[in-house]
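The structure under discussion appears below in the form of structure tokens.
The values are calculated or read from the model by the stated rules, or taken from the named source; none is laboratory data. All values derive from a computational prediction rather than experimental measurement. Positions of Cβ are generated from backbone atoms using ideal geometry, with glycine treated the same way; all protein chains shown enter the neighbour counts. Ligands, DNA and RNA are excluded from the accessible area calculation, which covers all protein heavy atoms including side chains. Shrake-Rupley method; radii C 1.70, N 1.55, O 1.52, S 1.80 Å.
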Amino acid sequence: MSRVLLIYTGGTIGMGCNAKTGTLEPLRFDQLSKQMPELEQISADIDVHQFAPPIDSSDMTPRLWAQLVRIISDNYDKYDGYVILHGTDTMAFTASALSFMLENLTKPVILTGSQLPIGQLRTDGKENLITSIEIASAKHDDGRPIVPEVCIYFSGKLLRGNRSTKINADGFNAFDSFNYPHLADAGVNIVYHEEYILKPDYDKPMTPHFALDPNVVVFTLFPGIQDNIVRHVLDAPELRAIVMRSYGSGNAPQRPWLMQMLKDASRRGVNIINISQCAEGTVEMARYDTGYQLKNAGVISGFDSTVESAVTKLMHLQGHYADSNIVRAKMNQNLRGEISLRNE
């Protein structure tokens with residue numbers, strides 16, 4: 001039997017109703033397991049590591065990402081796969097961060113959760129958890145795992161973690177990966193799309209990374225954006241990178257003040273990553289003159305990256321490289337299957 005480590009961080013899947021306030025609050029994991037006796041029927045040897053106390057995913061931090069990496073790396077030789085129970089609000093950020101922090105991952109790390117607490121009659125949590133454990137323990141005939149990467153499993157879909165984003169606040173279909181196919185679809189059977197799954201080098205060890213530099217900001221362009229507001233953001237002395245959500249295929253207003261500010265920040269060593277506000281598609285800055293001007297201002301393409309992936313990739317790279325030019329070069333590389341490279 002495969003051995004799976006179940007890491008319970010918190011989230012809706014393990015929530016209960018406070019009798020006094022009527023609001024949801026985290027349960028202890030022993031209460032969660034009592035709500036789900038089906039765990040004993042799964043054909044895998046499951047151990048549990050619980051965050052104490054459980055956290056709401058809106059309180060997730062880089063320090064806790066490093067804690068997750070430490071748990072996985074310290075137990076890497078003991079288990080065939082890992083399932084992380086996590087709140088949905090920041091699940092895509094955590095999945096993206098872990099993908100960069102676990103270099104040459106050769107085992108499945110599956111994040112899942114639910115939109116309804118597991119104790120409620122109509123919960124989606126039981127299916128999400130059971131299928132995630134099955135995927136984490138699934139192997140080829142040669143004993144190698146079928147899905148050796150960081151993924152999100154939710155509502156019948158297995159998604160690459162650093163391609164995923166939350167799309168629905170209250171529907172069971174909470175996540176999708178618009179710019180990359182599903183790695184598997186779960187119905188009566190789990191159908192793996194192996195042509196899309198990463199193939200690690202099994203001759204190399206998994207290398208955990210813990211350093212993260214969160215001096216990144218995300219800002220969205222919109223009609224009427226004001227120069228004095230943008231100036232305050234760009235002039236912050238601690239700022240090392242900006243994820244700029246532009247229009248369409250990477251366009252921005254042709255305002256001289258904006259281009260000058262971006263150029264000055266870039267010359268100062270601030271890396272500016274251009275990603276689209278659109279859920280689907282890629283940045284092509286050579287396509288229109290407005291995008292070309294951004295390129296001349298020192299802005300670099302984020303290709304078809306999600307916000308979550310761009311932010312956590314920058315944090316990871318900034319945590320390891322003081323030289324902004326190295327960070328800039330590596331942002332244009334596909335490190336963990338997070339972007340589809342195209343000629344600019």
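Looking at Ala329, Ala322, which one is within 23 Å of the chain's Cα centre (by Cα), surrounded by fewer than 18 Cβ atoms within 10 Å (Cβ to Cβ) and modelled with pLDDT of 95 or more?
Numbers: Ala322 fails: within 23 Å of the chain's Cα centre (by Cα).
The unique qualifying residue is Ala329.
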Discussion item. Report every pair of residues separated by at least 6 positions or lying on different chains whose Cβ atoms are under 8 Å apart, first residue within region 79-93 and farther than 20 Å from Pro148 by Cβ and open to solvent by 10 Å² or more (accessible area, probe 1.4 Å), second of a type in the set (Asp, Glu) and outside any loop (DSSP other than H, G, I, E, B).
Written reply: Phe93/Glu308
Response to the item:
Per the filter on region 139-158, residues charged (D, E, K, R) and either buried (at least 18 other Cβ atoms within 10 Å of the Cβ) or not in a strand (DSSP E or B) (or both) are Asp141, Asp142, Arg144, Glu149, Lys157
Response to the item:
Counting only residues in region 99-147 that are more than 20 Å from the chain's Cα centre (by Cα) and among the basic types (Lys, Arg), the one farthest from Ser309 (Cα to Cα) is identified as Arg122
Discussion item. Regarding region 49-63, can at least one residue be identified that is touching a His at 6+ places or on another chain (Cβ under 9 Å) and over 26 Å from Gln318 (Cα atoms)?
Written reply: no
Practice prompt. Report yes if some residue within region 24-45 is closer than 22 Å to Ala174 by Cβ and either modelled with pLDDT of 85 or more or among the hydroxyl-bearing types (Ser, Thr, Tyr) (or both); otherwise report no.
Written response: no
Practice prompt. Note down all Cβ pairs under 6 Å where the first residue falls in region 255-282 and is open to solvent by 60 Å² or more (accessible area, probe 1.4 Å), the second is outside any helix (DSSP H, G or I), and they're at least six residues apart or on different chains.
Written response: Lys263/Ala297; Lys263/Gly298; Gln277/Arg245; Ala279/Phe178; Glu280/Phe178
Worksheet, complete the sentence: Result of the Cβ filter at 8 Å on region 116-140, keeping first residues that are in contact (Cβ under 8 Å) with a residue 24 or more places away in the chain and partners that are among the acidic types (Asp, Glu) and open to solvent by 40 Å² or more (accessible area, probe 1.4 Å), at least 6 apart or interchain, is Lys126/Glu38; Ile130/Glu38; Ala136/Asp80; Ser137/Asp80; Lys139/Asp80
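Only strands (runs of 3 or more DSSP E) wholly contained in region 181-248 count here; list those with 1 or more residues that are open to solvent by 30 Å² or more (accessible area, probe 1.4 Å) and without any contact (Cβ under 8 Å) to a residue 12 or more places away in the chain. First the steps, then the outcome.
Numbers: elements: 184-186, 190-192, 216-220, 241-246.
Answer list for region 181-248: 190-192.
Could you say whether any residue in region 167-179 is touching a Phe, Trp or Tyr at 6+ places or on another chain (Cβ under 6 Å) and open to solvent by 10 Å² or more (accessible area, probe 1.4 Å)?
Of region 167-179, the ones touching a Phe, Trp or Tyr at 6+ places or on another chain (Cβ under 6 Å) are 174-175.
Those still in the list that are open to solvent by 10 Å² or more (accessible area, probe 1.4 Å) too: none.
No, there is no match, as no residue in region 167-179 is touching a Phe, Trp or Tyr at 6+ places or on another chain (Cβ under 6 Å) and open to solvent by 10 Å² or more (accessible area, probe 1.4 Å).
Quick check, is Leu111 under 24 Å from Thr165 (Cβ atoms), of a type in the set (A, V, I, L, M) and buried (at least 24 other Cβ atoms within 10 Å of the Cβ)?
Working: under 24 Å from Thr165 (Cβ atoms): yes; of a type in the set (A, V, I, L, M): yes; buried (at least 24 other Cβ atoms within 10 Å of the Cβ): yes.
Spelling it out, Leu111 is indeed under 24 Å from Thr165 (Cβ atoms), of a type in the set (A, V, I, L, M) and buried (at least 24 other Cβ atoms within 10 Å of the Cβ).
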Worksheet item: Ala97: open to solvent by less than 10 Å² (accessible area, probe 1.4 Å), more than 26 Å from Met315 (Cα to Cα) and modelled with pLDDT of 95 or more, yes or no?
Response: no
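Every residue, every condition in (1) out of contact with any strand residue (DSSP E or B) (no Cβ under 8 Å at 6 or more places or on another chain); (2) under 23 Å from Leu341 (Cα atoms); (3) of a type in the set (Phe, Trp, Tyr), yes or no:
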{"site": "Met244", "(1), (2), (3)": "no, yes, no"}
{"site": "Tyr247", "(1), (2), (3)": "no, yes, yes"}
{"site": "Gly250", "(1), (2), (3)": "no, yes, no"}
{"site": "Leu258", "(1), (2), (3)": "yes, no, no"}
{"site": "Lys263", "(1), (2), (3)": "yes, no, no"}
{"site": "Met285", "(1), (2), (3)": "no, yes, no"}
